[in-house]
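The values are calculated or read from the model by the stated rules, or taken from the named source; none is laboratory data. The structure displayed is predicted, hence computed values, not measured ones. As a convention, Cβ positions derive from the backbone with ideal geometry for all residues, glycine included, and neighbour counts pool all protein chains shown. Ligands, DNA and RNA are excluded from the accessible area calculation, which covers all protein heavy atoms including side chains. Shrake-Rupley method; radii C 1.70, N 1.55, O 1.52, S 1.80 Å.
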Amino acid sequence: MAVRLPVLCIFRSTRTNYSDEEYRAWSEEMDELVTSTPGYVRHYSFRDEQSREGVTISYFDDDDSIIEWKSAARHQEAQQRGRDTFYSNYSIDIAHVVRHYDWGTSPSSTL
């Protein structure tokens with residue numbers, strides 16, 4: 001049986017010092033919003049407090065799901081807010097998983 005492998009959106013960024021509280025509110029809203037996107041699977045975010053560098057890895061069923069997420073109106077507002085105030089830089093990579101292995105009971109075993 002063929003397993004459908006996900007498409008990943010890898011968002012790397014460096015935060016400015018602008019309003020951690022406001023950033024947190026937007027981030028929480030986007031965390032909730034992305035889960036309602038058709039084809040969304042899951043996501044993980046990490047940020048180093050010292051360097052302010054972070055990464056969010058989002059898993060989707062296919063490219064169309066990522067395009068829908070990218071074009072969601074509220075997400076577009078967040079993107080502009082990020083460029084205007086929250087990030088000094090960012091990059092986005094879209095990657096197709098070509099092979100997947102896991103061991104044990106990690107969350108990734110649900111691919």
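For Asp93, the solvent-accessible surface computed with a 1.4 Å probe is close to 60 Å², ligands and nucleic acids excluded. For the chain, the 222 nm mean residue ellipticity estimated from helices alone, with every DSSP H stretch of n ≥ 4 adding -39500 (n - 2.57) and the total spread over all residues, rounds to -9000 deg cm²/dmol. In the range 3-60, what GluC sites (Glu not before Pro) fall in a loop by DSSP, with at most 13 other Cβ atoms inside 10 Å? In loop regions of the range 3-60 (DSSP not H, G, I, E or B), the sparsely surrounded GluC sites (Glu not before Pro) are Glu49.
Positive end of the dipole of the chain (Cβ unit charges, origin at the Cα centre): among Ala73, Leu5, Ser58, the Cα lying farthest that way belongs to Leu5. Summing charges over all other residues whose Cβ lies under 9 Å from the Cβ of Thr14, with Lys and Arg as +1 and Asp and Glu as -1, gives +2.
Taken per residue, the accessible surface of the chain reaches 68 Å², heavy atoms only and a 1.4 Å probe.
Taking only protein heavy atoms and a 1.4 Å probe, the accessible area of the chain is 51% carbon and sulfur. When you restrict to C-alpha pairs under 8 Å that are six or more residues apart and normalise by the size of the chain, the relative contact order lands at 45 percent.
Assign one of three labels to the range 24-66, namely rounded, prolate or oblate, based on the Cα gyration tensor with a ≥ b ≥ c the square roots of its eigenvalues; rounded applies when a/c is under 1.5, prolate when it is not and a/b is larger than b/c, and oblate otherwise.
Working: a/c = 3.47, a/b = 1.79, b/c = 1.94.
It comes out oblate by the Cα gyration axes.
Convex hull volume of the C-alpha atoms in the chain, normalised per residue: 120 Å³.
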